[in-house]
Structures are given as C-alpha cells and as structure tokens.
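Engineer: Input: one structure, supplied below.
The values are calculated or read from the model by the stated rules, or taken from the named source; none is laboratory data. Computed from a prediction, not measured in an experiment: that's the story for all the values here. Neighbour counts are summed over all protein chains in view; Cβ atoms, including those assigned to glycine, are modelled from backbone coordinates with ideal geometry. Heavy atoms of the whole protein, side chains included, go into the accessibility calculation; ligands, DNA and RNA do not. Shrake-Rupley method; radii C 1.70, N 1.55, O 1.52, S 1.80 Å.
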Amino acid sequence: MTFEQPACQKCESTLISHLFCLSCNAFQTVPPEIDYFEVLGFPVCFEINSEDLEERYKSLSLVLHPDFFAAAPEEEKRLSEKASAMLNTAYNSFRGTTSRAGYLLSLFSKGKNLNERTLPDGFLQEMFFLQESLDELLESSDSSALNKMNEDLRTRHKEIESYYAPLFKNFKDLPEDSDILQQLQTHLNAERYLRRLLDRIPATD
Amino acid sequence: MELGLVGAPECGDVMKLQIQVNPETNEDAKFKTYGCGSAIASSSLLTEWVKGRHLDDAEQIKNTEIAEELALPPVKIHCSVLAEDAIKAAIHNYKSRKKIDV
C-alpha cells in the first residue's frame, strides 16, 4: 500500500483529504472503498500523533460540516452530509489505540486466512476466574480490593496496547506477514476480554 | 460434570457450561455467562434444549436454531455461536476424557 498524494478533480491542487479540495472548495468523487487514511489525509501508518489528528479533524470539519451548506444546492448538501459522516467515523476509529490497530488489521487481513479467535494460552480460564472474583468484590463492597483489581486490570490493558506498536514497526513487510497479523489479532482479542472486565467496575469519584 | 468454557472475541463475553452425562445422555446442564442479555438468553435456552438429550443429538444443535428461537438481531448472532461452541466444547471434553479413561 503506497501513499499517493492525489490531485483535485477540479483545480488539480494537491489534496489533503480525498473527500474535499481545500483550495477550490470542491467535493471530490470518491470510490466507496475509500479508507480512513484517505479520508483524513494521513499516510497508512499506526503511529498517528493525537494533536495532528485533532487538528486535521477540526480543519476538515470546519469546511465539510452540513451547517455550512444549509443554503447550498441539494447535491452539495448531500455530499457534505456524506463526507462529514465519513470524517467522523474515521476520526473516532483513529482516536483509540486499539480501534486504530484493529482498523489496520482489517485492512491488511483481507483475503488472508487468519484465525479470528486466537488467545494466549490459558487466557480464557483466567478471564472467567477474574469475572468470578469481580463478582465477589462487587458484592462485598470491599473498595480497596476493588481498586486494586481495577489498577491491575488497567495496567494489563495498557500492557496489551503497548504490544501493537512494535508489531507495526516493520511496516513495509506487514501486509505480507500473516504471522505478525495473527499476533496482532491475538492481542486485539485479549484486549476485548479485559475491556469487558473493566467495563463492569463502577467509576469512582 | 463436564465443562465447556468458551469466549466470544467479538465482545469479550465468556460462558461456562456444565453438563452431567449418564451414560450418553445429558441428565442436567448448568451455565454461567458473563455477557450481554443475548448471550445469557442463548446459554439459558441451550441448557433447556440439551437436558435429556443424547450426546450425539445435543452435538447437532445449531446456533441458527438458537438465534431463530430468540429472534436475535444480526449484531447478536455471535451470542448464539457462543452457546453452540459451549455445548460442542463440553461434549468434546467428555468424549476425549472417556477415551482416555476406557
């Protein structure tokens, strides 16, 4: 997958987002399979600086938002709604480390026979055990033990999220390497079970 | 008691199914599920369906039958898959243990 700097279909200026030309304010005709990187105008890459993401999202929202097309012809209104929806989806998907890793995996695993259910050895047994322990803690209202479990789970969750970046390091090789993609799938699966546990713990003030 | 422990990576739900087999019929079944309402309903329905059934018969239960009975929406189909996986896992464990024992 290479990053090509596309040109505006109307004025031929270089585009940032494939959706819209910031030079001549023209909506672009985009194929339905446009990916989130093209929507936001980032190279295909795991590491995205959160400030850059915020800034890109804001600057594109400021030109695409349907509010600015209230008096525009129907066709432009429709394009603005469609483009804004795509922008929001892409932005939300890229904000979270796990959802960004999951999105990249979905791009690269197309046509590859990955096992979508893999987990580290013994992980499921441990998760079930932790769910039962959490039951007891929630019933006992032992807040210090509950806080301890909360902290431990959060540490574990962070640890899992730290596994993604090294796997994306050799990015040029990644799309071909099923073994790395499978490892990534395993971490993403494990993350979901941990998040499930964390979701059960009530927020403290 | 034979155990089947399975999980749904789509959402992080976990389900433990216990079956009491004697000698080849499920005399009793119990479940404990950590998950959404659809996952709990799927496990509950499954335990009702497998009680009194022969193992070979219980093994044939399909997730689509569970999904249809509960009228699960498409986004919750994986909950019925979890239930099918659980009974298959429990029966598989029972059968492989039997072979080792006998």
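Engineer: Identify the residue in region B:38-88 that is aliphatic (A, V, I, L, M), open to solvent by 10 Å² or more (accessible area, probe 1.4 Å) and not in a helix (DSSP H, G or I) and, among all such residues, is nearest to B:PRO9 (Cα to Cα).
Structural biologist: Residue satisfying both the conditions and the ranking: B:LEU72.
Engineer: Residue by residue through region A:64-90, note down the ones that are in contact with a Leu (Cβ under 7 Å, 6 or more places away or on another chain) and open to solvent by less than 40 Å² (accessible area, probe 1.4 Å).
Structural biologist: Those that are in contact with a Leu (Cβ under 7 Å, 6 or more places away or on another chain) and open to solvent by less than 40 Å² (accessible area, probe 1.4 Å): A:LEU64, A:SER80, A:ALA83, A:SER84, A:LEU87, A:ALA90.
Engineer: I'm told A:LEU167 meets every condition in (1) away from chain B (no Cβ under 14 Å); (2) open to solvent by 90 Å² or more (accessible area, probe 1.4 Å) except one. Can you identify the failing condition by its number?
Structural biologist: (2)
Engineer: To continue, here is another question. Step by step: first the residues of region A:119-156, then only those that are part of a loop (DSSP other than H, G, I, E, B) and in contact (Cβ under 8 Å) with a residue 12 or more places away in the chain, then the one that is nearest to the other protein chains (Cβ to nearest Cβ). Which residue is that?
Structural biologist: A:LEU119
Engineer: Here's a follow-up. Quick one: A:GLU191 ticks every box in (1) charged (D, E, K, R); (2) in contact with an Asp or Glu (Cβ under 9 Å, 6 or more places away or on another chain); (3) farther than 16 Å from B:MET15 by Cα; (4) open to solvent by 30 Å² or more (accessible area, probe 1.4 Å) except a single one, so which number is it?
Structural biologist: Condition not satisfied by A:GLU191: (4).
Engineer: Which of (1) open to solvent by less than 30 Å² (accessible area, probe 1.4 Å); (2) of a type outside the set (Ser, Thr, Tyr); (3) out of contact with any Leu (no Cβ under 7 Å at 6 or more places or on another chain); (4) away from chain A (no Cβ under 14 Å) is the odd one out, the single condition B:VAL21 does not satisfy?
Structural biologist: (3)
Engineer: State all residues of region A:103-118 that are within 12 Å of chain B (Cβ to nearest Cβ) and open to solvent by 40 Å² or more (accessible area, probe 1.4 Å); if no residue qualifies, say none.
Structural biologist: A:ASN115, A:GLU116, A:ARG117
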